[in-house]
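Please read the structure below before turning to the comments.
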Amino acid sequence: MSFGWCSIGRRAALGFAAAFALGAALAQATPFLVVDADTDQVLLQNEATAPWYPASLTKLMTVYVALDAVRSGRLTLDTPLVMSARAARMPPSKMGFRPGTEVTLDNALKMLMVKSPNDVAVMVAEGVSGSVEAFADEMNADARRLGLHESHFVNPNGLQNPDHMSSARDMAMIARALLREFPEHADLFDIGAIELGARYIPNHNGLLGRYPGADGMKTGFTCPAGFNIVASASRSGRRLIVVVLGAPTARSRNQEAADLFDRGFAMGPSGVSLESLPTGSGPPPNMRADVCLHRSAALIAAAEEEGEGEPSPGEAGHGIVPAPLAAFFAATRQIQHTELPVGRIRFDPVRVYIGPAPGWKGPVLGARPAATQTAAAPAGAKTLSLDSATAITEGDAGPPPRHISKSKWRLRRHRLRRTAAHKPARAAAEKSEKTSSTN
């Protein structure tokens with residue numbers, strides 16, 4: 001009898017220790033969420049509706065808007081998009097294509113999900129909607145339609161802007177919408193690497209090839225946002241979505257996501273849905289002091305390219321679980337713990353290319369003026385657009401392409417503007433001459 005009571009007491013103590021460890025872990029953690037992608041049941045969450053800077057997780061919404069445009073027939077995956085001067089000026093991470101470079105939408109989306117290039121995100125936005133601003137309007141319209149509450153988008157790439165925000169819950173809802181509405185494009189999110197010419201470019205998602213069943217989706221980093229991830233994984237016919245925001249390092253972000261998957265797959269239904277979570281409010285926190293204050297410029301630059309970077313002190317080596325849930329796993333041995341291996345994995349790359357698809361006869365899309373601007377233009381005037389490496393968007397003060405000197409660039413800009421200004425008057429004079437000679 002005494003043995004039985006001791007056994008019960010030991011189990012009770014372990015349960016209390018586990019609950020205490022989980023409570024302490026949650027108190028220290030930044031936002032995270034685990035949701036069943038099929039039932040919408042929230043399995044675990046902490047501050048899931050707190051407004052947060054999404055960084056490059058934004059590109060999931062960019063892909064959603066682009067695929068929605070394909071679905072509505074506005075363009076196709078083979079439609080070539082043009083790199084504008086504005087897009088080419090974006091800071092890293094970027095592909096570095098020169099203005100005038102053409103890339104099909106299909107190749108652009110693959111680059112977005114693997115390399116996360118900010119220049120290509122702007123190229124997609126301008127190709128789909130004509131401008132970054134018009135594309136952001138579409139992002140916000142789709143956000144309202146999908147039922148997002150904390151999200152407001154001002155650009156397609158997630159570069160820092162105080163008005164650009166989302167939440168763990170909203171990002172999970174975008175991921176869920178992508179998987180449900182575009183199942184035929186699910187392979188976009190689990191590409192391990194792409195190959196462009198001789199370049200081998202690996203995906204920054206550290207769960208791919210490391211966590212059993214991981215099949216997507218996107219990572220993101222800025223100093224104010226910290227290290228973010230939206231990840232999906234499947235096991236025994238069940239698919240979960242995990243969101244982690246504001247982790248201090250890429251490695252801790254990845255391991256925390258793995259720990260949350262382990263915990264989520266061990267749980268049953270919760271009865272709490274994504275939509276039932278209370279709406280968050282207030283400005284997103286700035287994680288710069290926690291994430292970048294003690295990092296060198298080189299490490300920050302590497303992180304901005306969304307690479308793993310060098311391990312932080314205390315992270316090097318094996319056997320360390322830096323995630324906030326580590327204490328919980330230590331107290332509950334019955335839950336499987338998957339420790340992610342360190343080191344790079346070589347994937348069979350998916351080939352991408354620049355230029356139009358072979359035999360393409362359709363339009364090439366790029367930055368273009370809004371309908372109101374076109375309507376307001378003088379009769380007979382032509383609106384200039386950047387449809388080649390040597391064309392100039394009116395009012396664009398960007399740097400010249402590498403093959404054109406600054407003096408020639410300024411001269412060409414002046415000539416184009418002068419020509420555009422004089423064309424209406426010249427056309428009117430020619431018409432008048434023609435009329436008088438006819439009479």
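For the reader, a short list of remarks on this structure follows.
- Scanning the stretch 154-169 for residues that are out of contact with any Phe, Trp or Tyr (no Cβ under 9 Å at 6 or more places or on another chain) and either buried (at least 23 other Cβ atoms within 10 Å of the Cβ) or within 17 Å of Ser234 (Cβ to Cβ) (or both) yields Asn157, Arg169.
- The residue of the stretch 182-233 that is farthest from Ala257 (Cα to Cα), among those that are of a type in the set (D, E, K, R) and either in contact (Cβ under 8 Å) with a residue 12 or more places away in the chain or buried (at least 23 other Cβ atoms within 10 Å of the Cβ) (or both), is Glu195.
- Of Phe182, Phe189, all but one fail to be touching a strand residue (DSSP E or B) at 6+ places or on another chain (Cβ under 6 Å) and aromatic (Phe, Trp, Tyr); the exception is Phe189.
- Just one of the listed residues (Ala303, Ala327) is out of contact with any His (no Cβ under 8 Å at 6 or more places or on another chain), part of a helix (DSSP H, G or I), modelled with pLDDT under 80 and closer than 25 Å to Met90 by Cβ, namely Ala303.
- Look at (1) touching a residue at least 40 places away in the same chain (Cβ under 8 Å); (2) surrounded by fewer than 24 Cβ atoms within 10 Å (Cβ to Cβ); (3) over 26 Å from Pro349 (Cα atoms) and you find that Asp137 fails only one, number (1).
- Pairing residues of the stretch 346-359 that are of a type in the set (A, V, I, L, M) with residues that are assigned to a loop (DSSP other than H, G, I, E, B), at Cβ distances under 7 Å and at least 6 apart in sequence or on separate chains, gives Val350/Ile191; Ile354/Phe97; Ile354/Thr101; Ala357/Asp78.
Quick grid of which residues meet (1) modelled with pLDDT of 95 or more; (2) small (Gly, Ala, Ser); (3) not assigned by TED's automatic domain parsing to the domain that holds Leu44:
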| position | (1), (2), (3) |
| --- | --- |
| Arg145 | yes, no, no |
| Asn155 | yes, no, no |
| Pro162 | yes, no, no |
| Gly192 | yes, yes, no |
| His204 | no, no, no |
| Leu208 | yes, no, no |
| Gly226 | yes, yes, no |
| Gly237 | no, yes, no |
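- Applying the criterion of being out of contact with any Pro (no Cβ under 8 Å at 6 or more places or on another chain) and in a loop (DSSP other than H, G, I, E, B) to the residues of the stretch 48-74, the residue that is nearest to Leu148 (Cα to Cα) is Pro54.
- Residues of the stretch 199-215 that turn out to be in a strand (DSSP E or B) and closer than 15 Å to Gln255 by Cα, as a count: 1
- For the residues Ala231, Ala257, the requirement of being within 28 Å of Asn286 (Cα to Cα), of a type in the set (Gly, Ala, Ser) and part of a helix (DSSP H, G or I) singles out Ala257.
- Selection from the stretch 96-116 of residues that are in a loop (DSSP other than H, G, I, E, B), within 29 Å of Leu299 (Cβ to Cβ), of a type outside the set (D, E, K, R) and touching a residue at least 40 places away in the same chain (Cβ under 8 Å): Phe97, Ser116
- Residues that are under 14 Å from the mean Cα position of the chain (by Cα), assigned to a helix (DSSP H, G or I) and of a type in the set (Val, Ile, Thr) were ranked within the stretch 117-156; the one that is farthest from Pro91 (Cα to Cα) is Val124.
- Residue among Val122, Val103, Val114 that is β-branched (Val, Ile, Thr), in the same structural domain as Leu260 (by TED's automatic domain parsing) and within 17 Å of Phe221 (Cα to Cα): Val114
The values are calculated or read from the model by the stated rules, or taken from the named source; none is laboratory data. Given the structure is predicted, the values throughout are model-derived calculations rather than measurements. Counting neighbours? That spans all protein chains shown, and the Cβs are built from the backbone with ideal geometry, glycine included.
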